[in-house]
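S.K.: Okay, handing you the structure first.
Read-outs: derived from the displayed coordinates by stated rules, not from any lab. Note that this is a predicted model, so its numbers are computed, not measured. Cβ coordinates were reconstructed from backbone atoms using ideal geometry, including for glycine residues, and neighbour counts include every protein chain displayed.
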Amino acid sequence: MSGLASAEERAAFIIAQTRLLPVPHAPEIALHVAEEATDLWQKTEDELAVIGLPPPFWAFAWAGGQALARHLLDHPSLVAGRHVLDFASGSGLVAIAAAKAGAARVEACDIDGFATAAIAINAEANGVAVSARLEDLVGRDEGWEVICAGDVCYERAMAEAVMDWLEQLNRRGATVLVGDPGRSYLPRENLEEIASYQVPVTRSLEDAEIKRSSVWRLRGSGV
C-alpha cells in the first residue's frame, strides 16, 4: 500500500485493523476503532517512512470528540435542520452525532485520506448521511451554520490557525462548538464552557482512563 492508496485500499486497511464497537460516552454510535491502540499506532509508525501512512487518529474516539458528540445527541436543537461542518473529523464521530441529532446537511473534513475513508465507513455503519471531504478548509467559509471542532488544540501552530479561523466564522454568525479535555493550547480566554463530562478514554494514548472533557462555545457565538 502506498501513500497514494486508493479509497478501496484505505477502506480494506481500516476494516482489517479495527472492530466496530459502541463509543463509550455515546453508545448510540458505533465506530470502527483499534482494539489494541499501541499495536496499530506502532504499525503505522513502523510503516510511515515506507508507505506514507499517517498516525491513525481516525481509529480512536478521542475525549473532546466524545464530549461534543454526547452534547449534540443530548441537545439536538443545536444542529437540527442546520448545515454542519465537523472539522478535523478523524473517525467522523461528531459528524455522525450531528446527523443523528437531525442536522439538515453534515460535512466532515480531514487532511488524512484514511480518516475520510473511516468517516464514510462509520457513517454507513450508523445509517446516516455524512459528506467526507479530504481537504484543509481553514480560511474558507462555505456558509456552515454550525462548526464543530473536537481535539484540535494539541499543537500550538494548529490551534492558533484553527481558532483564528473559527473566530472569523463566529463573527459572521456561525455557531462554533469546541470539544476538548483541557489540552495545552486551548485558548480558554476566548471560550465559554457550556458542558462537562467524565469521558472514558484509551489510557495508552491519554494520561488517564477517565478524562474530564468539556464542550466550549466561542464567546458571542450563536446558538
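S.K.: Need one number: nm distance between label points at residue 80 and residue 28, each 7 Å from Cα along Cα→Cβ, rounded to one decimal.
M.R.: 1.1 nm
S.K.: For the chain, which longest stretch is free of loop sites, where a loop site is one of the chymotrypsin sites (Phe, Trp or Tyr not before Pro) that DSSP puts outside H, G, I, E and B and that has at most 16 other Cβ atoms within 10 Å? Can you show the working numbers first?
M.R.: On the way: sites that count: 154, 185.
Formally, the longest exposed-site-free interval is 1-153.
S.K.: Compute the helix-to-body angle for 7-17: its Cα long axis versus the longest principal axis of the chain, expressed 0 to 90° and rounded to tens.
M.R.: With rounding to tens, the tilt is 80 degrees.
S.K.: Something else now. If each residue of separation counts as 0.36 nm, what is the full-extension length gain between residue 168 and residue 210 once their alpha-carbon separation is subtracted?
M.R.: On the way: separation 42, 0.36 × 42 = 15.12 nm, distance 3.32 nm.
Extra length from residue 168 to residue 210 when fully extended: 11.8 nm.
S.K.: Still on this structure: So, R0 is 35 Å and r is the distance between the beta-carbons of residue 125 and residue 189; what FRET efficiency does that work out to, to 0.05?
M.R.: Values: r = 39 Å, r/R0 = 1.11.
Calculated value: 0.35.
S.K.: At R0 = 25 Å, how high is the FRET efficiency between residue 16 and residue 134 if r is their beta carbon distance? Nearest 0.05 is fine.
M.R.: Working: r = 21 Å, r/R0 = 0.83.
That pair, residue 16 with residue 134, gives E of 0.75.
S.K.: Of the listed peptides 169-180, 124-135, what is their order by residue-averaged count of other C-beta atoms within 10 Å, with the highest listed first? Mind dumping the intermediate values first?
M.R.: Values: 169-180: 21.4, 124-135: 16.2.
Per-residue mean Cβ counts within 10 Å order the peptides as 169-180, 124-135.
S.K.: How much FRET efficiency would the formula 1/(1 + (r/R0)^6) give for residue 9 and residue 157, where r is the Cβ-Cβ distance and R0 is 35 Å, rounded to 0.05? Walk me through the numbers on the way to the answer.
M.R.: Numbers: r = 31 Å, r/R0 = 0.88.
E between residue 9 and residue 157, to the nearest 0.05, is 0.70.
S.K.: When the helices in the chain are scored as -39500 (n - 2.57) per DSSP H run of 4 or longer and the sum is shared across all residues, what 222 nm value do you end up with, to the nearest 500 deg cm²/dmol?
M.R.: Computed mean residue ellipticity for the chain: -10500 deg cm²/dmol.
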